[in-house]
Each structure stands twice: as C-alpha cells, then as structure tokens.
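Since the structure comes first, as structure tokens, the remarks are kept for the end.
Nothing in this text is a laboratory measurement; each read-out follows from the coordinates by a stated rule. Values in this document were obtained by computation on a predicted structure and should not be read as measured data. Ideal geometry is used to build each Cβ from the backbone, glycine not excepted, and the neighbour counts take in all protein chains shown.
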Amino acid sequence: MVDVSQHNLVPEHTVVDEDAVDEVLAEYNIDRTDLPKIKRADPALPDEAEVGDVIEVVRDSRTTDQAVVYRLVVE
C-alpha cells in the first residue's frame, strides 16, 4: 500500500504543541473551534495526531515561497 503522507505533492503536516497553538490563536484572535477542520481519517495526517490537535500545514507558494495554514483535527 502507498503511504500518501510521503507523496511529493502532499504538503508537510505537523502537530503543533500547545504553547504554539496558544500563540497562533492569540495572533489571529480566534478560538480553536474557529480553525478550519481536517478529519482524523485524512491519510496525510501524522500517526500521532489525535482529535483536538492543531495541525500546521506548510505548502509551497508561488508568491510567498511557503504558505502556512492551521487545521483542527476532528472525528
């Protein structure tokens, strides 16, 4: 079986530690539940990701070199 998370077109997904989550939420003045969602069953998620975790997704971007977005893991 193919490991989708290792495919070269799948952006990097990492679990954000709680201190960094607090900083991100404060920077954007939002609650955790205001973040866009990603399902726990998404094959691109790291194995250690659990429901309630925040994931940082780093994509290549033509205009800014890299674009960073955050997603909340849901069931």
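Quick notes on this structure:
- Residue within the stretch 48-65 that is among the hydrophobic types (A, V, I, L, M, F, W, C) and touching a helix residue (DSSP H, G or I) at 6+ places or on another chain (Cβ under 7 Å) present: yes
- Within the stretch 1-20, being in contact (Cβ under 8 Å) with a residue 40 or more places away in the chain and within 13 Å of the chain's Cα centre (by Cα) holds for Ser5, Pro11, Glu12, His13, Thr14, Val15, Val16.
- Verdict on Val24 being in contact with an Asp or Glu (Cβ under 7 Å, 6 or more places away or on another chain), among the hydrophobic types (A, V, I, L, M, F, W, C) and touching a residue at least 40 places away in the same chain (Cβ under 8 Å): no
- For the stretch 21-46, filtered to residues that are hydrophobic (A, V, I, L, M, F, W, C) and surrounded by fewer than 13 Cβ atoms within 10 Å (Cβ to Cβ), the residue that is farthest from Val69 (Cα to Cα) is Ala41.
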